[in-house]
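Report on the structure given below.
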Amino acid sequence: MKEIFKITMSLTAVCIAASLILGFVYAKTDHARKLNEERTEQKTIQGLLGFGADEKAPDDLKIFPVYRYVITSPQGETSLGYVLPLKGDKVVLVELDLSGKPIRVLPIDASISSLADQANRDNIINGALPKGSKSVWAQTIFVADRGGKRLSYVVPGVIQGFKTFIKLMVSLTPDFTVSGVAVTYSEEDPGLGAEIQKDFFRNQFVGKTLDLIKKLSVVKEPLPADYASSLDPVKAKQKGLTAEQVKEIKAKHLNDDIYALTGATISSRALTKGVVNTVQKFVKRLEILDEAIRKEQLSIAF
Amino acid sequence: MNRNVQLLWNGLIPENPIFRLALSMCPAVAVTTSVQNGLMLGLAVIFVQVFSSCTVAIFKSFIHPRIRIPAYVIVIALWVTVIDMILPVISPEVYKQVELFVKLIVVFAIIISRLELFASKEPLIPSFFDGLGMGIGFLFGLCLIGAIREFFGTGQLFGFDILGFNPLLIMVLPAGGFFVIGFIMAIFNWIEYKLTGKIPTSGGAH
Amino acid sequence: MKEYKLSHLAIITVMSCVFLSVMTLGVADAGTGSGSFKKDNEIVISFGMPVDEAWAKNTANFMVSEKTDPDIQLPIESVTLDAKRISALIRFREPLNLSSEYEVTAKDVTSEGKVMGNVMFMVKKSQGQILFTIFLGAMLINNFVFTKYLGLCIFFGVSQKKETSIGMGITFTIVMVLSAIMCWALLTFVLQPLHLGFLKIIVFIGTVAIFVQAVDTILRKVNPYLFKKLGVFLVLIVTNCIILAVPLINADSGNGPMESLILGLGAGLGFALALFLMACVREKLELCKVPAVFRGLPIAFVVAGLFALSFLGFSGLSIF
């Protein structure tokens, strides 16, 4: 009996000590981890906009998030809620029905930067909605604004890849031409599917206009050598191509479909489909949203 | 030779956890598609091994022998969770690649076997050096496999293009990891055969 | 000895039968108000009563969207009724994503000239199909040993003889399934309500270690014969990566109880299969002339590499 007591006590002591240390470390690192995730996201967005180590982002560049929520009313009807930043650091929630007609505009009592944390944001949005409504976060879109003019949209998307899902981000110019594609998460096979993250594959999407994107497909042909070297900045430098030459080659291949990766057609198709879906859905939604903003005469920040 | 130095050397070559003891093979195949991943996981393992060894060496008199295995598991799980929280803060990009395996350090046989065979019997200082030696040996193994696979599989090292083409794509595929380890083990055996004249029997693998 | 093998085969057969029947039960749960996929661009819905052809032909009467994107309507190419006019086949211009859920709204359903109001249909893969996909994925396509490289220590340690490999495979599968379901329960009912997700590694491994210890103790007292056969493997299981990887994967992908259980079963049987295949080869290898420095583990690794290559052939395999 005494033995059992002793064993139980010492095992309990080990567990309690372990949990205490863990709790302490968690409290110390949790904030830093979240901050890091945010920073990584910001870095990806800046990279898509063409800013990075070589070219610092200008000071007047502002990146505004737009949060999309799916709202279910107490009667069971579905509507969409867009959280938009207004001029003067105010925030509103615009609720639209499924056909795009505005239902109501609710002021949100918080600054846009304080809404970055999802748990906090969910609470605030649910509190602002009428009692009995439920809201679920669906997507965060980023709008880059420079000197009061929209510079670019950055839209995240998800698609089923070869192994697990692939998370991606597409940046679009105001006239919906793709200006960059980034893969933010994937577990494709290294050497095969993981090549979708490489410049020479991602950059094939750059420059494709909305009309081209709509009928974009994947071809199982080898990537032409001149095109390959123009897509990868490092290779272009090695080959001694000037900026004009690169532009010329890219223009020549602008109407081409996406060249599939050797041995990873499924991953190539998945990313292409992901980009096409993301862009098409976004364009539809933005038209509806801009229309609603005009109707409600909101002075949004971008 | 100083005993502590000998303990370090012991973990690096004569009792290398991967090639000689054949313990904890899973990460040796799985994360070694590049040197960088191997380096990251290797550092995590050193951290866990050293801290667990020291913890057990200090508190061994408090741990009842009947429950020593569950107690060791909890000690290891503690340090693994700590490193699992710290890594994403230090290097989020590489952490993403090795995430599952950092969590799985808990079940790496090498760590618990060192606690059972060494740290539970010896005082703090030798335990520290034994843990460090084993950790460094593990890091060395991961980096060696990672370098071979990355170089032959993608023509790169540390992410820098060296060859400019892929000589042997199979090296970064699942199968390549098995082949590379098999061949390195054979080379280790061959070296020992040349030095001692005996063919060693590779260790019990679990 | 022969008896022993047969009894184990019997256990495997019974277990697979039980789970297959559970899966087919899942398939049968589709009732009214739900639809199903036919081809990758076709959905079939059933109204439960004859509807008017003229109404059904008008594609504007049907609204289809993904459940996550209720505002994006999918373009419908055509709607055709079957001979009895009870069920309709909706064909789309673009292929659907069969792993996601769709909502079909039929506006003002008209039957014999009378308007019956709106009807909504949920369309998704049946539970049975989803579970079978998970099972096949864990066992063959993403075999934990050959494509995820997990559980290698035990894999090389106990694959010298067929006899031991079968014992290990079965013990492991049982422990795997039970610990997957236990870890799921702990995560859902204890860790998540208390916001202690960061403790999951320590809790999962603790659960597995305690469970294995308990089985060991109980088996020793209750059935010494079975303990003699399987007891040695129990201790080894705690150091097998798969036993921890499966609960972690379950937790990360938010799997429910059935999905967790099936993933555990698939992973366990996949491991057993890998172990058995490897043991068959290694028994034969004993009789071969292997270069001296390659004897033992090195050649086993090369063989495992060959197996891994052949398991690449399963990739892209899908039945539903």
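The values are calculated or read from the model by the stated rules, or taken from the named source; none is laboratory data. None of the values given here were measured: they were computed from a predicted structure. For neighbour counting, all protein chains shown are included, and Cβ atoms are generated from backbone atoms with ideal geometry for every residue, glycine included.
Of the residues making up region C:57-100, those that are in a helix (DSSP H, G or I) and out of contact with any Ser or Thr (no Cβ under 8 Å at 6 or more places or on another chain) are C:Lys57, C:Ala60, C:Asn61. Criterion applied to B:Ile191, B:Ile111, B:Ile105 was being of a type outside the set (D, E, K, R) and either more than 30 Å from B:Thr55 (Cα to Cα) or in contact with a Phe, Trp or Tyr (Cβ under 6 Å, 6 or more places away or on another chain) (or both), and the one residue passing it is B:Ile191. On the stretch given as region A:204-221, residues that are hydroxyl-bearing (Ser, Thr, Tyr) and either exposed (fewer than 13 other Cβ atoms within 10 Å of the Cβ) or at positive phi (or both) total 1. Residues in region B:128-152 that are within 14 Å of another protein chain (Cβ to nearest Cβ) and buried (at least 24 other Cβ atoms within 10 Å of the Cβ) were compared, and the one that is farthest from B:Leu117 (Cα to Cα) is B:Glu150. Exactly one residue out of C:Phe227, C:Phe276 is in a helix (DSSP H, G or I), farther than 25 Å from B:Phe19 by Cβ, touching a helix residue (DSSP H, G or I) at 6+ places or on another chain (Cβ under 6 Å) and free of Cβ contacts under 8 Å to residues at least 12 places away in the same chain, and it is C:Phe227.
Here's a check for you: in region B:171-196, which residue that is in contact with a Gly (Cβ under 8 Å, 6 or more places away or on another chain), within 8 Å of chain C (Cβ to nearest Cβ) and free of Cβ contacts under 8 Å to residues at least 24 places away in the same chain is farthest from B:Asn10 (Cα to Cα)? Of everything passing the filter in region B:171-196, B:Leu173 is farthest from B:Asn10 (Cα to Cα).
The set of residues in region A:180-195 being at pLDDT 90 or above and either surrounded by fewer than 20 Cβ atoms within 10 Å (Cβ to Cβ) or under 20 Å from A:Tyr82 (Cα atoms) (or both) consists of A:Ala182 alone.
On the basis of being touching a residue at least 24 places away in the same chain (Cβ under 8 Å) and touching a Lys or Arg at 6+ places or on another chain (Cβ under 8 Å), does A:Val155 make the cut? Criteria not met by A:Val155. Taking region C:280-294 as the range and being at the interface with chain B (Cβ under 7 Å from one of its Cβ atoms) and surrounded by 14 or more Cβ atoms within 10 Å (Cβ to Cβ) as the test, the residues that pass are C:Val293, C:Phe294.
One residue alone among C:Val177, C:Val104, C:Val158, C:Val145 is in the same structural domain as C:Ser46 (by TED's automatic domain parsing) and crowded, with 18+ Cβ neighbours inside 10 Å, and that residue is C:Val104.
Candidates are the residues of region C:174-199 that are within 22 Å of the chain's Cα centre (by Cα) and at pLDDT below 90; the one that is farthest from the other protein chains (Cβ to nearest Cβ) is C:Ile174. Here A:Phe302, A:Phe201 are screened, and the one residue that is among the aromatic types (Phe, Trp, Tyr), away from every other protein chain (no Cβ under 14 Å) and assigned to a helix (DSSP H, G or I) is A:Phe201. Could you say whether any residue in region A:5-16 is modelled with pLDDT of 85 or more, within 27 Å of A:Ile112 (Cα to Cα) and of a type outside the set (D, E, K, R)? Taking every residue of region A:5-16 in turn, none turns out to be modelled with pLDDT of 85 or more, within 27 Å of A:Ile112 (Cα to Cα) and of a type outside the set (D, E, K, R). As a summary of the residue check, B:Glu150 satisfies the conditions (1) in contact with a Leu (Cβ under 9 Å, 6 or more places away or on another chain); (2) within 27 Å of B:Gln6 (Cα to Cα) except for the one numbered (2).
If you check A:Ala110, A:Ala138 for being part of a loop (DSSP other than H, G, I, E, B) and away from chain B (no Cβ under 14 Å), only one passes: A:Ala110. The number of residues in region C:47-60 that are surrounded by 18 or more Cβ atoms within 10 Å (Cβ to Cβ) and over 16 Å from C:Asp82 (Cα atoms) comes to 0.
Selection of region C:137-150 for residues being at the interface with chain B (Cβ under 7 Å from one of its Cβ atoms) and either closer than 16 Å to C:Val303 by Cβ or of a type in the set (Val, Ile, Thr) (or both) yields C:Phe146, C:Thr147, C:Tyr149. Only a single criterion out of (1) modelled with pLDDT under 75; (2) closer than 20 Å to B:Ile18 by Cα is not satisfied by B:Leu163, namely (2). For B:Leu117, state whether it is more than 8 Å from chain C (Cβ to nearest Cβ) and either assigned to a helix (DSSP H, G or I) or touching a Leu at 6+ places or on another chain (Cβ under 6 Å) (or both). Yes; evaluated as a whole, the condition is true for this residue. Of the residues in region A:48-62, at least one is in a helix (DSSP H, G or I) and surrounded by 15 or more Cβ atoms within 10 Å (Cβ to Cβ). Would it be correct to say that C:Val203 is at the interface with chain B (Cβ under 10 Å from one of its Cβ atoms), among the β-branched types (Val, Ile, Thr), in a helix (DSSP H, G or I) and at negative phi? In short, yes. When we screen A:Leu96, A:Leu84 for residues that are touching a residue at least 60 places away in the same chain (Cβ under 8 Å) and either within 14 Å of chain C (Cβ to nearest Cβ) or within 29 Å of A:Glu188 (Cβ to Cβ) (or both), the only hit is A:Leu96.
Taken together, C:Ala251, C:Ala300 contain a single residue that is surrounded by 14 or more Cβ atoms within 10 Å (Cβ to Cβ), under 20 Å from B:Pro174 (Cβ atoms) and small (Gly, Ala, Ser), which is C:Ala300. For region C:230-266, the candidate set comprises residues that are in a loop (DSSP other than H, G, I, E, B) and closer than 29 Å to B:Arg114 by Cβ; within that set, the residue that is modelled with the highest pLDDT is C:Asn240.
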